[in-house]
Amino acid sequence: MKKLPLVRVAEVAFLTTETEECARFYRKIGLDFPVRPNKKRIHFADVGEQYFGFAHKDRGFMNGNGDEMIRVPLHVAFEVPPDQLDACIRFLEGIGAKCSPKIENSRGWHGSRRSWSTYFSDPAGNIMELWAPRR
C-alpha cells in the first residue's frame, strides 16, 4: 500500500465553547442542529453524504484508546473500504502513527448497520478516524 484508500471524508467536527451560537448560525444556513445543544454530545448535521458537527470543548473527542476524551480542535473521519481497514492500520503504523485498537460501532452511522473504526492523531494532535462501514 503506497497510500490510504480513502473513499471520502465521512465527518468533520470541531470543539467550541459557543455551542448555542454555533447551532443558531448553522441552522440559519440550513443545517439541522438542536436549539439547545447538549454539552455532553457531538451534534452532527447531514451535509450530503457527510456529517458536519461540533461539540462543547469540555467534552472533547474520543481517541479510541479508552482514555478520557481528548480536547483538541478538530475531528475528521475518513471512510475506507471495510476489507482494507487492517491494511490501513498497518500502513499508518508503518509511517509512525499510533492507532487505537479497532472499535466495532453498533450504531448505524451513515446508513450502515455496523462499522469498524480506528483512531490516530495527526502531527497537530487532531483526532483522525478511519471508518469502515459494513453494509
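Key figures for this structure:
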item: Nearest-ten-degree value, helix 85-94 long axis tilted from longest Cα axis of the chain; result: 80 degrees
item: On Cα atoms only, tilt of 19-28 relative to the major axis of the chain in degrees; result: 80 degrees
item: Choice from GLY125, GLY30, GLY60 with maximal GNM fluctuation in the chain (Cα, 10 Å cutoff); result: GLY30
item: Scattering profile of the chain at q = 0.20, 0.22 Å⁻¹ [log10 I(q)/I(0), Debye over alpha-carbon scatterers]; result: -1.22, -1.39
item: Separation between Cα centres of the range 17-35 and the range 94-135, rounded to whole Å; result: 26 Å
item: Whole-number percent relative contact order across the chain, with pairs defined as alpha carbons under 8 Å at least 6 apart; result: 25 percent
item: Relative contact order computed over the range 44-83 (Cα-Cα under 8 Å; 6+ residues apart), in percent; result: 23 percent
item: Residues whose placed amide H lies under 5 Å from that of SER121, excluding near-sequence neighbours; result: LYS98, MET128
item: Near-label residues of the range 40-69 by backbone N, under 16 Å of a point 7 Å along Cα→Cβ of LEU4; result: 51, 62-65
item: Gaussian network model of the chain, springs between alpha carbon atoms under 10 Å - residue of ILE103, ILE70, ILE29 with greatest fluctuation; result: ILE29
item: Footprinting exposure proxy for HIS110, HIS43 (fewest neighbouring C-beta atoms within 10 Å first); result: HIS110, HIS43
item: Within the chain: Cβ-based charge dipole about Cα centre, in debye rounded to nearest 20 (Lys, Arg +1; Asp, Glu -1); result: 220 debye
item: Whichever lysines have a C-alpha closer than 23 Å to that of LYS57, once near sequence neighbours (fewer than 8 apart) are set aside; result: LYS28, LYS39, LYS40
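All of the numbers you see were taken from the coordinates with simple rules; none came from a lab. Since we're looking at a predicted model, the values are computed, not measured. Don't worry about glycine lacking a Cβ; one is built from the backbone with ideal geometry, like all the others, and counts go over all protein chains shown.
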